[in-house]
Structures are given as C-alpha cells and as structure tokens.
Amino acid sequence: MTEANSPPSKVAKALALLVVGAGPIALGIWMIATRHAFDDFDPSGRRFLLKLLLKWVWGYPGGIVCIGFGVLLLVANLLPRASKGALREEQDSGTTNPPDEDPKSKNLSEEEEAVAFISEIPANAEMHVTKSKENFGVDLGYSEKSLAVIDEIITKGWPEPPVLFDPVAIAFGSYIGETIRKLLGGKWKFDDEIGIHLGELGGTTYKINPFAKVRKRFLNGEEDSIAYYYQVVRKLVTDAQEAKLKESTASSETEKSANPPPE
C-alpha cells in the first residue's frame with residue numbers, strides 16, 4: 001500500500017475529532033464571554049438586520065446552542081470508537097494469550113463454555129420448533145422431512161443472509177443437529193479441531209458441525225441444501241456401519257477357524 005492510499009493516522013483522526021467537536025464548544029464559550037459586544041447596536045447603521053440578528057443570538061442563547069452541538073458531535077464520534085475498540089479487544093482476547101495467562105486455563109475456560117452451550121442445544125432446538133410454528137405455520141417433528149422444510153423456511157424467510165447471524169445460526173443449527181442426532185444417533189462434543197460438533201454418528205467415527213453447515217446454507221443458498229446434506233451424512237454413516245459389521249463378522253469367522261471346537 002502506498003503512502004497516498006494509507007489510512008489516516010491516529011493523530012490525524014484525533015485532530016479531526018478535536019476540530020469537529022471542540023470548535024463549536026470554543027465558539028459557544030467565546031459568544032458567552034463577549035455577550036455584550038452588541039449592546040451599543042445602532043439600528044440606523046449599515047447591515048442593521050444582520051447586527052440585530054447577532055444581538056438576539058449572541059451571548060447565552062447562541063453560546064449554549066454551540067456548546068451543546070459540540071458536545072453532541074464529540075459523543076457521537078467517541079461512542080462508536082469506544083464500542084469498536086471494546087469489540088476489537090474482545091475478538092483479540094479470543095485469539096491471543098496475555099503474557100501471564102496459562103494456555104491450559106484458557107483452554108479449560110473454552111471447554112467449560114462449550115459444555116454450557118451444549119447443555120442448551122436441546123432447549124434451543126425446541127424453541128426453534130415453537131418459533132417456526134408461530135412464524136411460518138409449520139410443524140417440525142425432528143424428522144427427515146422436516147429438514148426439507150428447513151430449506152424452504154430459509155429460502156422464503158431469508159432471501160439474503162441475516163444481519164444478526166449468530167442467533168439465527170444457533171437456532172437452526174441446534175434443530176438440525178438434534179434432528180440428525182435423533183435419526184442417526186450421536187453425541188454433542190467439543191474439540192479444538194472443529195469446536196462444538198455432533199460426533200460418534202451412528203456409533204462411527206464421523207462427526208459433523210451443523211452450525212457451520214447452516215452458515216453455508218445462508219451464504220450459498222440452495223446449493224448447500226440441508227436435506228441433501230443429511231442424505232450424504234446418512235449414506236456415509238450407513239456405509240461405515242456396514243463396513244464395521246463386515247469387519248466384525250470376518251474377524252469372528254477368522255477367530256473360529258483359528259480355534260476350532262474340540263472333537
């Protein structure tokens with residue numbers, strides 16, 4: 001990036017903020033301090049209308065207005081900066097460790113938060129069932145067909161991705177995950193690889209992240225269909241279960257041949 005295209009420095013931003021907010025405040029103080037400047041106003045002189053107007057507004061009326069306007073400008077500029085700074089610090093705190101912080105304690109804290117979140121997933125799913133009935137008039141019953149209904153709800157209700165993404169992703173992801181868990185079996189878990197996920201699907205080693213899938217569905221549209229996603233997951237799990245069964249059967253037959261019953 002060249003110097004001409006580089007963003008303004010913090011000093012330049014601070015000076016601009018000072019001029020924008022402090023300028024009207026300084027003008028207001030000066031107007032109050034010089035409030036008697038037009039006491040000897042001569043109505044017969046040149047530009048008497050302008051002088052008459054200045055006499056009316058000069059002093060306390062105009063000064064108070066200018067000071068108030070300056071304060072509002074400062075507050076309007078400082079509050080967004082403070083909130084952005086706090087948000088940036090919160091985001092940074094999730095990716096870096098303070099010098100004196102033990103990484104193990106940080107991981108433990110994340111795991112505790114994940115456990116608390118997982119305990120709320122069934123309730124979030126039930127709440128989504130209730131809201132879908134109220135807002136869209138559909139009955140979701142944790143069935144395979146309901147996943148196709150979820151696709152329809154997203155298509156009709158959100159032609160564009162939602163502005164507040166996280167609450168929507170949590171609601172839909174909780175229901176989708178609970179539906180797959182009820183249909184195929186599985187356990188909600190947490191690890192450093194994919195975070196909160198549904199693991200041990202159907203007694204296999206497969207694991208999925210319904211919340212990540214929901215985000216893709218909202219961002220990419222019907223090409224990331226939830227119903228099709230379930231069909232793919234079910235096929236993978238079924239194939240893994242069959243392979244596991246064949247392996248177990250073959251192992252049992254091998255063991256029998258290696259250890260024939262006594263005659």
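If Leu140 meets every condition in (1) outside any helix (DSSP H, G or I); (2) under 30 Å from Leu245 (Cα atoms) apart from one, which number is that one?
If we test Leu140 against (1) outside any helix (DSSP H, G or I); (2) under 30 Å from Leu245 (Cα atoms), just (2) comes out false.
Could we say that Gly203 is at pLDDT below 95 and either farther than 24 Å from Ile118 by Cβ or in the same structural domain as Glu144 (by TED's automatic domain parsing) (or both) here?
yes
Would you be able to say whether some residue in segment 167-181 is surrounded by 12 or more Cβ atoms within 10 Å (Cβ to Cβ) and basic (Lys, Arg)?
Yes - at least one qualifying residue is present in segment 167-181.
I'd like the residue in segment 209-224 that is buried (at least 20 other Cβ atoms within 10 Å of the Cβ) and not basic (Lys, Arg) and, out of all such residues, is nearest to Ala148 (Cα to Cα).
Val214
Go through segment 130-142 and give me each residue that's surrounded by 13 or more Cβ atoms within 10 Å (Cβ to Cβ) and in contact with a Gly (Cβ under 8 Å, 6 or more places away or on another chain).
Correct list: Phe136 only.
Just to verify a result, which residue in segment 143-166, among those that are part of a helix (DSSP H, G or I) and charged (D, E, K, R), is surrounded by the most Cβ atoms within 10 Å (Cβ to Cβ)?
Taking the candidates together, the pick is Asp151.
When you go through Tyr229, Tyr206 one by one, which is the residue that is crowded, with 19+ Cβ neighbours inside 10 Å and over 16 Å from the mean Cα position of the chain (by Cα)?
Tyr229
The values are calculated or read from the model by the stated rules, or taken from the named source; none is laboratory data. Just so you know, these numbers come straight off a predicted model, no measurement behind them. With ideal geometry, Cβ positions are generated from the backbone for all residues, glycine too; neighbour counts draw on all protein chains shown.
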